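Report on the following structure.
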Amino acid sequence: MPEPSPSLSAIKDALSKINIDDLQIQYDKVTKGQLTKTRFSNLNHFKQAIDSIESLGLRFHFINLLKESEVYLTNYDSFSVEGLSGQGIIDSSYMLHSQIASILDFLNQTIKADPPEAIRIKIPESDDFQEMAVHLNDFKKAISIPILHPDVNGQVKILRGEPGSVLLVVWLGTLKACKMVAELCWSTMVIIQKKEEIERYKEHTRTLELENDYKEAILRAQQKQLDKFTEIEITGILDREDITPNPEYIQTLKMSINTLDHLFRKGAEIQPALGAPQDVIKQFPKMEKMYQIESKVKQIAEIATPEAEVKKTRKKKGVNP
């Protein structure tokens, strides 16, 4: 499946970070008789700006012309050409700058900036209305209920959908609500890894030549381990966000993590708003680096291992461990 195109907001944000004046190639001309020599300078910044434009998936005729010119035949920061080709390079660079400046001006007037208390939700791709409605309802359960806690004081309001993509900008009311969603996303990524690790262990256990009682003990231990791990992650969230715990809310967070697990495996994403404060941005996991994400809980309570559960089973049956 091809990579999805960036949203207009993402393009606007990325273009705003590029010094588009670097696209106006720097030059000076020297004419002797009928021979004109054009010396170009600051070519490294010029090429970096073009590379940044191309990295957004944007394609322009003038970029193709520039890449086929003499400027791209050198790795030096300055370069001289003779004859009319120099003027062609100048004209292409200035036309490219004009086009990019016009696009950025249009986006600045058309696309409103995300408020800092917003998140961006990518819905799993689907061509079925009913399935899309299910995904939206899952997001509602996973996000709305946890942030309505009085200590979070959040709310949910869909601000807009992004043109050209299944992406919603959702206002959560408070920065704390955004941080709470970020925490849930982070813990979900950690638990997804744990689930996959346990599933691999279960498959391995089924291949072992053990009595059924011992196999069942190992499988039960794995489930207990996952439950305990989830509880520790939730306790960590409550401690870090200074939220008063209660059994009902803990179950709500378990439901939220399980729902996000399901959505993330289908390709959903949750990101901070473009231009969100850095302390909010750094709390969101990078979806593309899921298997590099580690638990934020540094001191994890001892969790029963499968081997311990096997020993417990053997002791009950009067068998030496």
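What follows is calculated from the coordinates using simple rules that are stated; it is not laboratory data. All values derive from a computational prediction rather than experimental measurement. Reconstructed Cβ throughout: ideal geometry from the backbone, glycine too, with neighbour counts over all protein chains shown.
Calculate for the chain the 222 nm mean residue ellipticity that helices alone would give, adding -39,500 (n - 2.57) per DSSP H run of length 4 or more and normalising by residue count, nearest 500 deg cm²/dmol.
-17000 deg cm²/dmol
In the neighborhood of residue 149, defined by Cβ-to-Cβ distances under 13 Å, what is the net charge if each Lys or Arg adds +1 and each Asp or Glu adds -1?
So the environment of residue 149 carries a net charge of -3.
Report the relative contact order of segment 118-316, percent, no decimals, based on alpha-carbon pairs under 8 angstrom and at least 6 residues apart.
Computed over segment 118-316, the figure is 33 percent.
Would you mind computing, in nm to one decimal, how far apart the modelled labels at residue 77 and residue 37 are, each placed 7 Å from Cα along Cα→Cβ?
About 2.1 nm separates the two model spin labels.
Quick one: order 30, 81 by neighbouring beta-carbon count within 10 Å, fewest to most.
The order, fewest Cβ neighbours first, is 30, 81.
Stretch residue 282-residue 132 to full length: gain in nm at 0.36 nm per residue minus the Cα-Cα span?
Stretched out fully, the residue 282 to residue 132 stretch lengthens by 51.1 nm.
Of the listed pairs 140/179; 17/67; 12/112, which have alpha-carbon separations greater than 19 Å here?
On the way: 140/179 17 Å; 17/67 22 Å; 12/112 10 Å.
The answer is 17/67.
At 0.36 nm per residue, minus the direct Cα-Cα distance, what do residue 220 and residue 193 gain on full extension? Give it in nm, one decimal, please. Mind dumping the intermediate values first?
On the way: separation 27, 0.36 × 27 = 9.72 nm, distance 1.86 nm.
Here the segment from residue 220 to residue 193 would lengthen by 7.9 nm.
To the nearest Å, what is the center-to-center distance of segment 124-167 and segment 8-71, using C-alpha atoms only?
Cα centres, segment 124-167 to segment 8-71: 41 Å.
For helix 212-240, what angle does its Cα long axis make with the longest principal axis of the chain, in degrees from 0 to 90 and rounded to 10?
60
Just rank 180, 290, fewest to most, by other beta-carbon atoms within 10 angstrom.
Details: 180 26, 290 14.
Ordered by Cβ neighbours within 10 Å, fewest first: 290, 180.
Compute the signed sum of charges (Lys and Arg +1, Asp and Glu -1) over the other residues within less than 13 Å, Cβ to Cβ, of residue 77.
Result for the neighbourhood of residue 77: +1.
For a quick check: sort 176, 29, 194 by the number of other beta carbons within 10 angstrom, fewest at the front.
29, 194, 176
Just grab the label-to-label distance for residue 108 and residue 228, each label 7 Å out from Cα along the Cβ direction, in nm (one decimal).
About 5.8 nm, to one decimal.
Set the Förster distance to 25 Å, then compute FRET efficiency between residue 242 and residue 145 from the Cβ-Cβ distance, nearest 0.05. The partial results should precede the final answer.
Working: r = 19 Å, r/R0 = 0.75.
For R0 = 25 Å, the calculated efficiency reads 0.85.
Between helix 129-139 and the chain, what is the angle of the helix's C-alpha long axis to the longest principal axis, kept within 0 to 90° and rounded to the nearest 10?
That works out to roughly 70 degrees.
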